[in-house]
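All remarks here apply to the structure that follows.
The values are calculated or read from the model by the stated rules, or taken from the named source; none is laboratory data. This structure is a prediction, so every number in the text was calculated from the model and none was measured. When we count neighbours, we look across all protein chains shown, and the Cβ atoms used for this are built from the backbone with ideal geometry, even at glycine.
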Amino acid sequence: MKTKDIKFLEIRYLRGPNIWTYRPVIEAIVDIGELEDFPSNTIPGFYERLTALLPSLADHRCSYGEPGGFLRRVQEGTWPAHILEHVTLELQNLAGMPGGFGKARETSTRGVYKVVVRAWHDDVTRSCLHAGRDLLLAAIQDTPFDVAATVERLADMAERKLLGPSTGCIVEAATAKDRRIPAIRLLATGNLVQLGYGARSRRIWTAETDRTSAIAEGISRDKDLTKTLLQSCGVPVPEGRLVESAEDAWEAAEDIGVPVVVKPSDGNHARGVFTNLMARAEVESAYAAAVVEGSGVIVERYVRGSEHRLLVVGGKLAAAARGEIAKVVGDGKATINELIDQQINSDPRRGAAEEFPLDIIDLADNPVARLEVSRQGFAPDSIPAAGREVLIVRSGNHTDDVTDLVHPDTAATVSLAARIVGLDIAGVDLVCEDISRPLDGQRGAIVEVNAGPGLLMHLKPETGQPRPVGRAIVDELFPNGDDGRIPIVGVTGSFGKTTVARLIARFLTLAGQHTGLACSQGLYVDRRCIAQGDSANWGSAHRILMNRAVDAAVFENGTDTILGEGLAYDRCQIGVVTNVDAAQHFGRHDIGTPEQVFTVLRTQVDLVLPTGAAVLNATQPMLVDMASLCDGEVIFFAADPDLPTLVEHRTQGRRSVFVRNGKVVLARGLDEQAIVNLEGVPLTGIEPGSGQVENILAAAGAAWALGIAPELIRTGLETFTIT
């Protein structure tokens, strides 16, 4: 089998809704060559080699709808393109991207297939696809393949390129079925994300939002200023002050009374924070380590108890976690460093990457832990006696959820602290012995208020209940069920798309909406041209959706855009299909039948929101058949008011647009309203028989569905000219 090969003829990234699914996918055109004559059950030992390489394929259901279904197909005989689909999905799963959509379909060329897989990230999925091909060929040709190394490489790439866990949980909450707020990633490899479209959008960057002020963030970084503001408002904070030298640090410690804490004045993530210091040597050593972590050093009273991180969102307590104490127990053989690796760092929840809730502890890079160990009379290479406990760190990782234990007074206090600093989302660090009791009685205190807090500790606590902190942030950004959407109109069909799109944009502008338009004649905001030339594509539409000055958007969508790029929006208010001439679309992207054209054009109808409408040409049987696919209302249009489809539609009390006695008529059921005489519409004088009347009706129907007043529709039609 060594002469057999699998070649990628083309790989397309469909960035948005497409003929396969609502989600972004990679569509690969795959040539399996001679393997077309060798289904899987004819290759000796292939099944055994494939399952040895990827035993987790046993979970794939495939067409049988049950675990093991896919491998059953492999045993019975299936083709490499189908197997490649499943192998790619499984490599994504093993690399940390579980689940996902997949398809493998024959093309009109023998041995050439379309393999489609859910794309979590273009680069990552392409790499999984190529790795999947290599693994599959190894199983076919009986050659070695290092699955572990491949998965490690893919997982590392996914970690670097996908959204981090804090940002990801917010996006997941926003796009959930009960919210359906659209999300746009604004940086290819960063955590800057736009939720919603246009003027109604909001932006997040990890756990910061476009409401997180620079002033508030600056205050939170200045620990001394934060303490001063909190103290002035009656919030309990530990006594302390800024110090300027090691000697000054000890003088401050004497004034305050030991034990004390030494920490950077503008540090974060607990770096350089030394606690429970008693001796002058400890304080001075801590000062030397803390001063390199920030621009100044604070010495303050040591507050007894456990460190807690309380998350405040929009002035309300959303979650609370208690910090851990990390320690090792000697066995009389291993060094402190070895015990840390064996007993602490072996915890699967620990790691350097952001998705790990706990940090790796390395004494070489952690002066706080080194000091803690040395205070107990040990060095990193010391060997504690069997049974001897050695404290490594007092706090720093928050592992236990205690949200339900927080005393109401304490919850109110941390909410007040966040408001004083001015943060919409804050991580408030609080130390106390019992979080279920008020702070006053136990001399508890707030030690820090942080902007951009990590969320993973609340999503994956070691003990206790995970908290829906992403949802809390989304509900704060989009209250009362707001979905962050602006009216979007998508226009597709065989002819007339540009004219219809421009007309609809004209109506919206007349209605006072700042309107973005991406069509084959250019990219526009209101009547200002931003870019000339063909802009009926994903990139131009994406620019409109990111524009926070845009109140409404109109997009022309040709079949090449749907097939080659996907659509830029997830759902739309209005979907217009002007007409269909199936033969016009044959020969592109392997489209060769009316049924395939139907599949392409229906994409626009599939995206209509339940509150929206599809505007369809009633003279076209194919488009009439699409009506049942629409989640929202259907408005038919046709020049002939006596067309049977229109008559039946009207008897059901539904809306339609047609021409009667030379006038454009908007009809709801049997009620009719004539809005304009066609003789007064400039478009009708252009190339009689060119379909302009149908274009007028389609645009009028879309405007009506958008709630635009009939008199504005009339004005738009009477003043619109093609330039």
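Points to keep in mind about this one:
Matching residues to (1) at pLDDT below 95; (2) buried (at least 21 other Cβ atoms within 10 Å of the Cβ); (3) of a type in the set (Asp, Glu):
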| residue | (1), (2), (3) |
| --- | --- |
| Thr189 | yes, no, no |
| Gln194 | no, no, no |
| Tyr197 | no, yes, no |
| Thr206 | yes, yes, no |
| Asp210 | no, no, yes |
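- Helices (runs of 4 or more DSSP H) (entirely within region 56-153) containing at least 1 residues that are under 21 Å from Phe8 (Cβ atoms): 80-94, 122-141
- Identity of the residue in region 266-280, modelled with pLDDT under 80 and not basic (Lys, Arg), that ends up nearest to Lys223 (Cα to Cα): Gly267
- Residues of region 22-52 satisfying the condition of being modelled with pLDDT of 95 or more, farther than 18 Å from Trp79 by Cβ and surrounded by fewer than 18 Cβ atoms within 10 Å (Cβ to Cβ): Glu48, Ala52
- Options Val550, Val608: the member that is touching a residue at least 40 places away in the same chain (Cβ under 8 Å), closer than 22 Å to Gly198 by Cα and among the β-branched types (Val, Ile, Thr): Val550
- Matching helices (runs of 4 or more DSSP H) fully within region 213-261 where at least 3 residues are surrounded by fewer than 16 Cβ atoms within 10 Å (Cβ to Cβ) and either in the same structural domain as Ala286 (by TED's automatic domain parsing) or in contact with a strand residue (DSSP E or B) (Cβ under 8 Å, 6 or more places away or on another chain) (or both): 246-256
- The set of residues in region 391-424 being under 22 Å from Ala207 (Cα atoms), modelled with pLDDT of 95 or more and polar (S, T, N, Q) consists of Thr403, Thr413, Ser415.
- Some residue of region 274-283 being touching a residue at least 60 places away in the same chain (Cβ under 8 Å), under 30 Å from Pro479 (Cβ atoms) and in a strand (DSSP E or B): no
- Selection status of Pro461, outside any strand (DSSP E or B) and either free of Cβ contacts under 8 Å to residues at least 40 places away in the same chain or touching a Lys or Arg at 6+ places or on another chain (Cβ under 6 Å) (or both): no
- Remark: Leu71 falls outside the filter, which requires a residue to be among the hydrophobic types (A, V, I, L, M, F, W, C) and under 29 Å from the mean Cα position of the chain (by Cα).
- Those strands (runs of 3 or more DSSP E) lying entirely in region 644-723 with at least 2 residues over 23 Å from Gly493 (Cα atoms) and either of a type in the set (A, V, I, L, M, F, W, C) or not assigned by TED's automatic domain parsing to the domain that holds Thr611 (or both): 671-677
- Being modelled with pLDDT of 95 or more and either within 28 Å of Gln92 (Cα to Cα) or out of contact with any Lys or Arg (no Cβ under 7 Å at 6 or more places or on another chain) (or both) is a property that does not hold for Glu159.
- Look at region 243-259: where a residue is closer than 11 Å to Glu300 by Cα and a partner is part of a strand (DSSP E or B) and charged (D, E, K, R), sitting 6+ places away or on another chain with Cβ atoms under 8 Å, you get Ala252/Arg241; Ile256/Glu300; Ile256/Arg301; Gly257/Arg301.
- Condition check for Arg110: in contact (Cβ under 8 Å) with a residue 40 or more places away in the chain, surrounded by fewer than 16 Cβ atoms within 10 Å (Cβ to Cβ) and assigned by TED's automatic domain parsing to the domain that holds Ile19: yes
- Checking Met622 against (1) part of a helix (DSSP H, G or I); (2) crowded, with 20+ Cβ neighbours inside 10 Å, the condition it does not meet: (2)
- Of all residues in region 355-387, those that are more than 37 Å from the chain's Cα centre (by Cα), in a loop (DSSP other than H, G, I, E, B) and of a type outside the set (Gly, Ala, Ser) total 6.
- In region 627-674, the residues that are surrounded by fewer than 21 Cβ atoms within 10 Å (Cβ to Cβ) and among the small types (Gly, Ala, Ser): Ala627, Ser628, Gly632, Ala639, Gly653, Gly662, Gly669, Ala674
- If you filter region 41-65 down to residues that are small (Gly, Ala, Ser) and touching a residue at least 24 places away in the same chain (Cβ under 8 Å), you find that the one that is nearest to Asp146 (Cα to Cα) is Ser56.
- Looking only at region 69-94, and only at residues there that are small (Gly, Ala, Ser) and more than 13 Å from Leu136 (Cα to Cα), the one that is surrounded by the fewest Cβ atoms within 10 Å (Cβ to Cβ): Gly77
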